[in-house]
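Structure first, commentary second.
Bear in mind that the values in this text are calculations on the coordinates, not laboratory data. This one's a predicted model, so the numbers in the text were calculated from it and none came from an experiment. Positions of Cβ are generated from backbone atoms using ideal geometry, with glycine treated the same way; all protein chains shown enter the neighbour counts.
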Amino acid sequence: MSLKRKDLLSLAPLSVDEIRLILETADSFKEVTGREIKKVPALRGRTVVNLFFEPSTRTRTSFELAAKRLSADVINFSPSSSSVVKGETLLDTARNIEAMQADIIVLRHPSAGAAEALAVGVKSSVINAGDGWHEHPTQGLLDLYTIRDRGLSFEGLRVAIVGDVAHSRVARSNIHALVKLGAEVRVVGPPTMMPRGVEKLGARVYYNFDEALRGVQVIMMLRLQLERQGIALFPTIREYARLYGLTAERVKLADPGAIVMHPGPINRGVEIAPEVADSLSSVILDQVANGVAVRMGILYLMSGAN
Amino acid sequence: MVSSDRPLERLVMDAGDIARAVTRIAHEILERNKGIQDLALVGIRTGGVHLAHRLVKRIQEIESASVPIGELDITLYRDDLSLRKDQPILRKTSVPFDVSDKIIVLVDDVLFTGRTIRAAMDGLIDLGRPEEIQLAVLVDRGHRQLPIKATYIGKNIPTSREENIHVLLEEEGEDDWVVILKRESA
């Protein structure tokens, strides 16, 4: 079986077999990232362009490292240093990049659907690195990889996704994939942060955090996007932290041995208490480390000749 | 299975031939390297891995001491990756010892163009700097496209380019056979 897709735009259309192929391919690259010489020649001569219209350090660096460890050439494009500020459209920018023979474009954009629009317009493969509130498929895949790496199987797995679900592309990608793989997904947060119709994706809605935590094996915290919504969706940050912040006491409500995840960057003392973020049950830094291996796997699978 | 129902197959080694070849190669490895000092075997996935395990077992029986063994997936080092539409499935490389300063015997089932061995040597050298790399194969079928030569050969089997050699092994749920397969359309 192989990944017969030009682009990776979202996890919604991926089959279980495709998801498993990506996770198994990432296993091979995890071995590579553990070597003294963390580089293989698989993508020699290929060009990967990171096109980021939103600030991002971790995702961009992760993709850059992944591409470099595959021996691809990497170019970073960001709007502040490009012609976008001069009024060029997304598609025109991308076509210019394509004219320089980019094989894979990694796009981060504030508008939902931007990656899809780009994929239709260019011959290069497009990987969505986050588009608005829509999806962040590679984050979803590295989360799945981290869960699996901890020896947990997806069938019947109980997962709580906690926080601003409505404005989280990470949550959306994870819900799609986890439900598909047979997990029981609970979404938790205040009503103002709960997207309408989320039950239709197969998730169960909880407004009471403590109740949602009972018996879960995975606690996936979302970042409170202070720079975006400010506190408009909630009276005060203190109140949010009290109702939906993950404390050591609350972790005890979950399954013994439950893991705590967070896509980062974390707001210590807001959605997650510092002692939880630094605890043994936290896999937050594993997520970052696995991100490189998972993205190497995705780049490899998408680099077949066009 | 090699008889009339599959007329395009021709048996060239049976289970006894394979076992004797493995035993002889094990002795040759020990003779050439004067024992097992610094010796390690690395099988190339997938057929080479099974043969490497058999060789290590024989060596252990002869010398009463164990030799480190590793498994190498050469996919990422292939020279045709950028030409393929679908990327081949990756399998895991697992070499749980430091290859530096070791005498590494690469093991594969069939030596053909030599391209796999070139890729395997590159892959191995990415893991460290072996003192020496040697090559053991069960079958050498000729038609080299690179200047590569095996150190230990189970059997030389002259073939035409249109033929295929299949090494079937018990570990893969088959009987131990080496057969030549004629391509029907060729």
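What ranking, highest mean first, results for peptides A:116-124, B:30-38 when packing means the other Cβ atoms within 10 Å averaged over each residue?
A:116-124, B:30-38
Based on the Kirkwood approach, the hydrodynamic radius assigned to the stretch A:24-104 is 14.0 Å, with every pair of different Cα atoms included. Seen from every direction in turn and averaged, the convex hull around the alpha carbons of the stretch A:62-195 projects onto 9.9 nm². Here the Debye sum runs over all C-alpha atoms of the stretch B:75-186 as equal scatterers in vacuum, and log10 of I(q)/I(0) at q = 0.17, 0.20 Å⁻¹ comes out as -1.03, -1.31.
Among the residues of A:204-210, the average count of other protein chain beta-carbon atoms within 10 Å of the residue beta-carbon is 0.
Using only atoms on other chains, find how many Cβ atoms lie within 10 Å of each Cβ of peptide B:86-99 and report the average.
On the way: counts 7, 10, 3, 7, 13, 4, 7, 5, 1, 2, 0, 0, 1, 0.
For peptide B:86-99, the averaged partner shielding equals 4.
Counting alpha carbon pairs within less than 8 Å and at least 6 residues apart, what relative contact order, in whole percent, applies to the stretch B:15-110? Please report the intermediate quantities before stating the final value.
Details: 129 pairs, mean separation 34.2, N = 96.
So the answer I get is 36 percent.
With the highest mean first, a sort of the peptides B:94-102, A:130-138 on other beta-carbon atoms found within 10 angstrom per residue produces A:130-138, B:94-102.
In percent, rounded to a whole number, the relative contact order of the stretch A:85-139 is 34, using alpha-carbon pairs under 8 Å and six or more apart. Global size of the protein assembly as shown: 26.7, 82 Å for Rg and Dmax (C-alpha atoms, Rg to one decimal, Dmax whole). Between B:Arg161 and A:Leu152, the modelled labels are 5.5 nm apart [label points 7 Å from Cα along Cα→Cβ]. Once the gyration tensor of the Cα atoms in the stretch A:51-94 is diagonalised, the equivalent ellipsoid follows with semi-axes of 23, 12, 7 Å, ordered largest first.
Counting helices only, and only those DSSP H runs with n ≥ 4, report the 222 nm mean residue ellipticity of chain B as the sum of -39,500 (n - 2.57) divided by its residues, in deg cm²/dmol to the nearest 500. -8500 deg cm²/dmol, from helical runs alone. Over chain A, dividing the summed -39,500 (n - 2.57) contributions of all DSSP H runs of at least 4 residues by the number of residues returns a 222 nm mean residue ellipticity of -11000 deg cm²/dmol. When the pairs A:Lys39/B:Lys57; A:Lys252/B:Lys92; A:Lys39/B:Lys85; B:Lys34/B:Lys92; A:Lys38/A:Lys180; A:Lys4/A:Lys38 are compared against a 25 Å limit on Cα-Cα distance, A:Lys39/B:Lys57; A:Lys252/B:Lys92; B:Lys34/B:Lys92; A:Lys38/A:Lys180; A:Lys4/A:Lys38 fall above it.
Average projection, convex hull of the Cα set of the stretch A:106-146: 2.9 square nanometres. Dipole size of the protein assembly as shown about its Cα centre, with +1 on Lys/Arg Cβ and -1 on Asp/Glu Cβ: approximately 1060 debye, rounded to the nearest 20.
Under the simplified labelling scheme, the A:Arg268-A:Lys38 pair shows an inter-label distance of 2.4 nm, with each label point 7 Å from Cα along Cα→Cβ. Per residue, the convex hull spanned by the Cα atoms of the stretch B:1-139 measures out at 130 cubic angstrom. Using the Cβ-Cβ distance between A:Lys252 and A:Ala232 with R0 = 22 Å, the FRET efficiency computed as 1/(1 + (r/R0)^6) comes to roughly 0.10. Rg over Rh for the stretch A:149-306 works out to 0.97, using Cα positions for both radii and the Kirkwood form for Rh. Averaged over the residues of peptide B:72-85, the number of Cβ atoms from other protein chains lying within 10 Å of each residue's Cβ is 4. Peptides B:40-48, A:149-157 ranked from most to least packed by the mean count of surrounding Cβ atoms within 10 Å: B:40-48, A:149-157.
Hey, in the GNM for chain A with a 10 angstrom Cα cutoff, which one of A:Ala112, A:Ala293, A:Ala171 fluctuates hardest? In the Gaussian network model the winner is A:Ala112.
Please give the FRET efficiency for B:Ala19 paired with A:Leu201, using the beta carbon to beta carbon distance and R0 = 41 Å, rounded to the nearest 0.05. Walk me through the intermediate numbers first.
On the way: r = 58 Å, r/R0 = 1.40.
Efficiency computed from Cβ-Cβ geometry: 0.10.
Projecting the Cα atoms of B:His27, B:Leu76, B:Ile89 onto the charge dipole of chain B (Cβ charges, centred on the Cα centre) puts B:Leu76 farthest toward the positive pole.
Volume of the convex hull of the stretch B:118-169 (Cα atoms only), normalised per residue: 111 Å³. Computed over every Cα-Cα pair of the stretch A:237-306 and binned at 5 Å starting from 0, the pair-distance distribution P(r) comes out as 3, 15, 21, 18, 13, 9, 7, 6, 4, 2, 1 percent. Taking 0.36 nm per residue of separation and subtracting the Cα-Cα distance, full extension of the segment from A:Ser111 to A:Ala99 would add 1.9 nm. Across chain B, C-alpha contacts under 8 Å between residues 6 or more apart give a mean separation that, scaled by the residue count, equals a relative contact order of 25 percent. If the segment from B:His143 to B:Ser64 were pulled out straight at 0.36 nm per residue, it would be longer than the present Cα-Cα gap by 24.6 nm.
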